[in-house]
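One structure is given here, and the rest of the page talks about it.
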Amino acid sequence: MKTLFKSSNNTTGFKRPCRGNKLKLRTVSVRSTSMTEQVDKDGVSIRRRPPSGGDRQACGPFDFRVTGLDDNKPRNILEEIVWWKAKEIDYMREKQSLALLKAMVNSAPPARDFKAAIMKKAGETGKPGLIAEVKKASPSKGVIQPDFDPVRIAKAYEEGGAACLSVLTDEKFFQGSFDNLRLIRAAGVQCPLLCKEFVVEAYQVFKGRACGADAVLLIASVLPNQDMAYLMKVAASLNMQCLIEVHSVEELERMLLLPDIEKNILGINNRDLQTFKVDLANTKNIMDSEAGKQVKERGILMVGESGIFTPDDVAFVQNAGVGAILVGESLVKQGDPALGIKQLLTL
């Protein structure tokens, strides 16, 4: 064990308790227990927090750092994002309490019907209803649109024929913001808005609604069914709908067990969580499964997500059985997003 002296500089923006001007940093090596299972007993593949807790803890004059916890590192980018959310939510609560958000929700205009807007547009065009994404950057691509103006992009999407809009709210990894929801709604955009957030707590749902969202994203690989059902109830109490995202047949089977799933929307993300590679065939494989056939039989609206760049891609996922598509990168990077929508949907 080695003892060092280290300044208590804090670059995270979060308060650190029990710290003086100088700290003694004590490093302790331990042997981690290997986790071989990628999916837990609830069918969730993303761990909500480091299994051995934080690797650094401050108390009094000491700052303890534990090393050797190989399994205490995120296994993929989604897990890294989810682990960060616990800290981010604490920070957001310091600025806006849940009570304040509830007061903002009570004074907000009524939520718009996200699902109905998609089905209406699909009926008019014969194409999948388009959820166009307001997105500046991503972990895999970096900055996608350097000249990013969320209101300008949102208005162009609406003009081009989008049924709904998806607004990235994650700041650290996607350079998004809850303020973008508020700005777009305040600018008079009529399309219903999806809060594209990595939700792990009800606080985020309330914040999305307070900022003008009409629907919220929930991810099956992050949330066990008990948490998913609870967050769906929270959203319903705010007259919001949920876009529930799956990556595999197994996740879809689990989501079909949820009560009131027909009142919400399902989505298939074609991006592999481990490699981050995109394969449109994932949509077809899932929709061809017994669970996919059940989606069709029960009349549940399905969204195709990720990897949709051309009219042929749109036709492929539509033929697979989806009634809507969520498209971000191929539209937001264009100088004229409205024209991009017309070309993508061949309108």
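The values are calculated or read from the model by the stated rules, or taken from the named source; none is laboratory data. A quick note: this is a predicted structure, and the numbers were derived from the prediction, not measured. Cβ placement follows ideal geometry from the backbone for every residue including glycine, while neighbour counts extend to all protein chains displayed. Please note that ligands, DNA and RNA were not included when accessible areas were found on the heavy atoms of the full protein model with its side chains. Shrake-Rupley method; radii C 1.70, N 1.55, O 1.52, S 1.80 Å.
Laid out as a table, the results:
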item	result
Of K121/K207; K155/K296; K121/K196; K121/K296; K127/K333, pairs whose Cα-Cα distance is over 31 Å	K155/K296
Anisotropy class of region 112-191 from Cα gyration tensor, a/c 1.5 cut	prolate
Shape of region 206-347, Cα gyration tensor, a/c cut at 1.5	oblate
Mean accessible surface per residue for region 100-345, computed with a 1.4 Å probe while every protein chain stays in place, in Å²	39
Full-extension gain in nm, K172 to E124, via 0.36 nm per residue minus C-alpha separation	13.5 nm
Those trypsin sites (Lys or Arg not before Pro) in region 132-201 that DSSP places in a loop and that have at most 14 other beta carbons within 10 Å	K141, K172
Sorted peptide list for 105-111, 159-165, criterion being average Cβ within 10 angstrom, highest first	159-165, 105-111
Region 100-345: antiparallel DSSP beta bridges as a percent of all, rounded to 5	10
Accessible surface of region 194-347 [probe 1.4 Å, protein heavy atoms]: carbon and sulfur percent	50
Dipole magnitude of region 100-345 about its Cα centre (Cβ charges: Lys, Arg +1; Asp, Glu -1), debye to nearest 20	560
Cβ-derived FRET efficiency at R0 22 Å, A315 paired with S289, nearest 0.05	0.60
Cβ-derived FRET efficiency at R0 41 Å, K342 paired with R49, nearest 0.05	0.40
